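Contents: one structure, followed by commentary.
A short reminder: the numbers here are calculations on the coordinates, not readings from a lab. As the structure is a prediction and not an experimental result, all values here were calculated from the model. Cβ coordinates were reconstructed from backbone atoms using ideal geometry, including for glycine residues, and neighbour counts include every protein chain displayed.
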Amino acid sequence: MAKKMMEKFDKYWHVIHYVMGVANILDPKFKIKYCECFYPQIYGNDYCREDIDRIKNICYDLVFEYQSKQASSQSKASSNSSTKEVVPQYLNAFEVFMQK
């Protein structure tokens, strides 16, 4: 019975841990550093980098989606030029800041 429970847990945890990672990043106390600290301990060094990158990409996608909806409600013309250039630079600048 315990083996079946672990199989079900592993199946669903593989899906939900990305959501938990995004929630961690959105928490002002932890940001991405929390994931970078504990993912290697939980998942091992080889697998964790891929997961952290996937979580970052999910966050970027959320920001892009939000910005495109905001821009389309304001004007279609300005959304194409500003959305995709400003966000990655801003987030990358924050990442550099956190590494200091």
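Numbers for the structure displayed
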item	result
Residue that is farthest from Gln99 (Cα to Cα) [pool: residues in the range 1-23 that are within 13 Å of the chain's Cα centre (by Cα) and without any contact (Cβ under 8 Å) to a residue 24 or more places away in the chain]	Ile16
Test for Leu62: is it more than 21 Å from Gln99 (Cβ to Cβ) and surrounded by fewer than 14 Cβ atoms within 10 Å (Cβ to Cβ)	yes
Selection count, the range 27-56, where residues are in a helix (DSSP H, G or I) and surrounded by 11 or more Cβ atoms within 10 Å (Cβ to Cβ)	20
